[in-house]
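Everything on this sheet refers to the single structure shown next.
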Amino acid sequence: MTAEKSTPEGRKQRLKPKRSGGRASRALDRRLRGVLQRFDYNQTTRSVMIRGLDGSIYFWNRAAEHNYGYQRHQAVGNVSHKLLETVFPCPLTTINEELLSKGFWEGELIHTLSDGARVKVFSRWELQPQAKNDPRAVVEINEDIKPIGPETAYLMTPQGPFERVIALLA
């Protein structure tokens, strides 16, 4: 089953999960099961996903299903930033550099729900190292989900400050 999103033009866009296999994938599955056994991520109201450094979702908890509107089978295998149309506070490369150097990153993000509504979340990303200096998974926990009203939605676009001012004056 694939997830669908509506484009700004109203067309339906299908997001297809990636299929992986092989020995590396099975080893990662074993390690993720270990992480999941230590923490019961389905018993929290916070949206929790476990994903690879490339953004591919491996685990999607019940709260994420409820908060974002995508069922687990629709989210797993997709790249989280594409599925949720994430707007970052700075370039993703900068965030990933901090994640790799500190082992975690925290900040506010803008996500798009399955119905097209946009929300602001406080997000914490934590590396789950699989071997010395070889991180393979990121636990992402998103909370304080707040809808963005039309009066502030223009601030949450990926445009720069100059384009925002132009849009306000238009």
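All of the numbers you see were taken from the coordinates with simple rules; none came from a lab. The model shown is predicted, which means the values in this text are computed figures rather than measured ones.
Odds and ends about this structure:
- Potential extension, residue 115-residue 98 segment - 0.36 nm per residue separation minus Cα distance: 3.0 nm
- Given their separation in residues at 0.36 nm each and the Cα-Cα distance between them, residue 66 and residue 124 gain 19.0 nm when the chain is fully extended.
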